[in-house]
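Visitor: Have a look at this one before I ask anything.
The values are calculated or read from the model by the stated rules, or taken from the named source; none is laboratory data. Computed from a predicted structure; not experimentally measured. Cβ coordinates were reconstructed from backbone atoms using ideal geometry, including for glycine residues, and neighbour counts include every protein chain displayed.
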């Protein structure tokens, strides 16, 4: 398979993962440090399309970085690049995960960062970035998108790795601004396409370190594809909120979070936020893939439960865990749901099967060893998988794909419940409309 090199981590330093030319291989011109792939485009006016976007950056930021990364090559050649929004383009750019159809799977955070395919190959023009990396702009807090994109576009245009350490096409990733081609890069690309026929424009002002923009995802960015699928990039990994139950749910910082199989859905004022569902590990590193329960305590700490263990986070920083449930005075092997109850978040209840305990966050202990029966909560099913309270004081109990809304004044489930979670919280198709008393 003639894929261009992949950015990878080797000996602690990011680099391309495909081997360089073997030692002893002679180049036809030993004065050349640049290396050609053996292919080039037979035209100079190329189109490109961005299929999916990374969750950390808004669409406009990614579009700007891709345009600037291509501009470093068009500034010194007759090449032009035009972005298109639909159909097949010459250069197809995608942010994807694990197995994604080209037999060159990504490996999650770290390791392989990106790869591209040379001209004259069966996937010419394809450029893939690992969705699970921490993509940044203008800083070295993660992986700088502009640097990696410009390097990968060099491969798409026909350049292999350079033997020049300071070249953009060097196998080693180095964060540096302003982004520019070395003389070696320029000689290589002009060997393929010739020199620009008009004077090169002044360096684009945004090639200097751009101010880091907001790190929110684009509202319409499609989800990442499913690991293990080798035929298409269009099948997504995350469960469909319209066709699944949830592992846990919690109100955190006034927003509603649903958890399922390592993913999290985030609702604010009843609206699913742009870029979600997303990997829960993006917010809370170190969490297990599946969760049993979650809640926010009166001090703002966020608790997560899975099996016989629990974790505590201050915001997105882990401060405790995994720790055994026995530290909380629990003899149960797991907690199925956690509910914060009351205006001051001063009542916390743990549910398991048909039983529940009251928990005190101040002492981090439950009341006694003997639980009470969930029949105290009139109308609530004996088995629940998640629970939370809304801003009006109503409690919600989830089981399967349904939920029950609990009135704090009448101390019982409201009439007309259970209802479908997907229909009322995620606007999924259904016979009824969103009720006036749904979570806001």
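Visitor: May I ask you to list the residues in segment 351-387 that are in a loop (DSSP other than H, G, I, E, B) and more than 21 Å from residue 250 (Cα to Cα)?
Guide: Answer for segment 351-387, where residues must be in a loop (DSSP other than H, G, I, E, B) and more than 21 Å from residue 250 (Cα to Cα): 363, 367, 368, 369, 370, 371.
Visitor: Got at least one residue in segment 408-418 being surrounded by 15 or more Cβ atoms within 10 Å (Cβ to Cβ), in the same structural domain as residue 252 (by TED's automatic domain parsing) and under 18 Å from residue 250 (Cβ atoms)?
Guide: Scanning segment 408-418 turns up no residue that is surrounded by 15 or more Cβ atoms within 10 Å (Cβ to Cβ), in the same structural domain as residue 252 (by TED's automatic domain parsing) and under 18 Å from residue 250 (Cβ atoms).
Visitor: I've got another one for you. Looking only at segment 401-434, which residues are part of a loop (DSSP other than H, G, I, E, B) and under 26 Å from the mean Cα position of the chain (by Cα)?
Guide: Hits for segment 401-434 are 401, 426, 427, 428.
Residue-wise test of (1) assigned by TED's automatic domain parsing to the domain that holds residue 67; (2) surrounded by fewer than 20 Cβ atoms within 10 Å (Cβ to Cβ); (3) without any contact (Cβ under 8 Å) to a residue 12 or more places away in the chain; (4) within 18 Å of the chain's Cα centre (by Cα).
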position	(1), (2), (3), (4)
93	yes, no, no, yes
97	yes, no, no, yes
104	yes, yes, no, no
108	yes, yes, no, yes
112	yes, no, no, yes
117	yes, no, no, no
120	yes, yes, no, no
131	yes, no, no, yes
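Visitor: Now, a different point. For segment 310-336, which residues satisfy the criterion of being in a loop (DSSP other than H, G, I, E, B) and buried (at least 20 other Cβ atoms within 10 Å of the Cβ)?
Guide: 330, 335, 336 - these are the residues of segment 310-336 that are in a loop (DSSP other than H, G, I, E, B) and buried (at least 20 other Cβ atoms within 10 Å of the Cβ).
Visitor: What's the total number of residues in segment 363-407 that are touching a strand residue (DSSP E or B) at 6+ places or on another chain (Cβ under 7 Å) and either farther than 20 Å from residue 296 by Cα or without any contact (Cβ under 8 Å) to a residue 60 or more places away in the chain (or both)?
Guide: Count: 21.
Visitor: Just checking, how many residues over segment 75-88 are touching a strand residue (DSSP E or B) at 6+ places or on another chain (Cβ under 8 Å) and in contact (Cβ under 8 Å) with a residue 40 or more places away in the chain?
Guide: The total comes to 1.
Visitor: Which condition breaks for residue 430 when tested against (1) modelled with pLDDT under 90; (2) touching a helix residue (DSSP H, G or I) at 6+ places or on another chain (Cβ under 8 Å); (3) buried (at least 18 other Cβ atoms within 10 Å of the Cβ)?
Guide: Going through (1) modelled with pLDDT under 90; (2) touching a helix residue (DSSP H, G or I) at 6+ places or on another chain (Cβ under 8 Å); (3) buried (at least 18 other Cβ atoms within 10 Å of the Cβ) one by one, residue 430 breaks only (3).
Residues checked against (1) surrounded by fewer than 20 Cβ atoms within 10 Å (Cβ to Cβ); (2) in the same structural domain as residue 310 (by TED's automatic domain parsing); (3) within 19 Å of residue 295 (Cα to Cα):
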residue	(1), (2), (3)
338	no, yes, yes
344	yes, yes, yes
350	no, yes, yes
369	yes, yes, no
389	no, yes, yes
404	no, yes, yes
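Visitor: Only strands (runs of 3 or more DSSP E) wholly contained in segment 160-275 count here; list those with 2 or more residues that are within 16 Å of the chain's Cα centre (by Cα) and at pLDDT 55 or above.
Guide: Fully inside segment 160-275 and qualifying: 255-260, 263-268.
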